[in-house]
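Have a look at the structure below, then the notes.
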Amino acid sequence: MEKYEIIKWLEIFDKRIKDIKEVLNIDQISSQIKLYEEQMLEEGFWDKAKEASNLTQKNNNLKDSLNNYNQLIKEYEDLAMIVELNDATLFLEAEDLVTNLDKHLEKTEIELLLDEDYDHMNAIVELHPGAGGTESQDWALMLFRMYKRYAERNHFDFELIDYLEANDAGIKSVTFLIKGLNTYGILKGEKGVHRLVRISPFDANSRRHTSFAACNVVPEINDNIDLKINQEDLKIDTYRSSGAGGQHVNTTDSAVRITHLPTGIVVSCQNERSQLQNRERALHILKSKLYQKLQEEQDRLKKNIGAPLTDNAFGSQIRSYILHPYAMVKDHRTGIESSNPNDVLDGNLDEFIHAYLKWYKNNR
């Protein structure tokens, strides 16, 4: 990379960093961190555990934002130092520095789009196969692996909640939690129907098949949100755990299925070690889903927490994954395409997620 090219990139990066500083309001963040830490030192702060935990989380989030901004400054200064030293041998290193800083800025700019009430929360993700039996069940399993790999690639915590294995192949349903700052905001655009076109591995005649699976994404609400659920509105069933899980699976009737009778919402949990733990986790997820539904009904602003889930069938898909007769993944909302579906199915969703968040910001 030539010196003049580095200088041009520095001009571009300087403007982007200044824009980020303005949006973040770095001076205010520093003051707020100081205020929170003073509160945390007050006598009796930890007497109210939930409030203390929430404030601590807010403080940690602000620290993460400040540390991220400081890291951007450091990367910019490292690049500027190469120009200042004017050493041609260092210019060879500049290309990697430019690429890394550009990606870091892109990631930060995307995070700044996550400004809605629920965006900072963890994401509860559910996958259900559409009509088509084995084909769609296997497709749902492929999507499950894709989101698990996405979590791993982005260093998010992944927690399996419920896994219902199909008899022949694939899964009948799965629920999992992806934990990390802004994971709901990042993944909310994955809600909808996903379409797969491929030569079926289950077809002896090797014919092309189209399969569908639905993804639902719900924000995991905080415990301090007051939402009362009447016990008489619940039907609670217990059954023996099956499918993916630890040593406790298939040993006792520890799995729990809760049906909220007024709405018909069903939540299952089988991955905890005891029936009591599964019940508590299922109630927590039910509370999140009911809260989401309540907000949708009260506000009529469904865009705040994702669009309503469309029919799990042809014509309603948000994204297509085509493995045959050609290779392509296309998002039908943003128009973004990839010619490498294997990479996408291995969890490389950043391009699609970033494009959706920009599209969503412009269209809400």
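Just so you know, all these numbers are worked out from the coordinates, no wet-lab data involved. On a predicted model such as this, the values are computed, not experimentally measured, just so you know.
Things worth noting here:
- Translational diffusion of the range 1-143, µm² s⁻¹ [Kirkwood Rh, Cα pairs; Stokes-Einstein; 25 °C; 0.890 mPa s]: 129
- Proximal lysines to Lys358, defined as alpha-carbon separation beneath 22 angstrom and excluding residues fewer than eight positions away on the same chain: Lys15, Lys18, Lys21, Lys103, Lys107, Lys188, Lys191, Lys302, Lys303, Lys330
- Residue with peak Gaussian network fluctuation, the chain [Cα springs, cutoff 10 Å], from Met40, Met328, Met142: Met40
- The range 168-209 and the range 217-240 have Cα centres lying 25 Å from one another.
- Bridgeable aspartates and glutamates around Lys361 (alpha carbons under 18 Å apart, same-chain partners fewer than 8 residues away excluded): Asp19, Glu106, Glu109, Glu111, Asp115, Glu116, Asp117, Asp119, Glu190, Asp331, Asp350, Glu351.
- Antiparallel DSSP beta bridges within the chain, as percent of all bridges there, nearest 5: 90
- Cα-derived Rg over Rh, computed across the range 111-158 with Rh taken as Kirkwood radius: 1.10
- Between Phe144, Phe156, Phe202, the Gaussian network model of the chain with springs among Cα atoms under 10 angstrom shows the greatest mean-square fluctuation at Phe202.
- The candidate values were [x] 214; [y] 190; [z] 238; the one computed from these coordinates for volume of the Cα convex hull per residue in Å³ carries the label [y].
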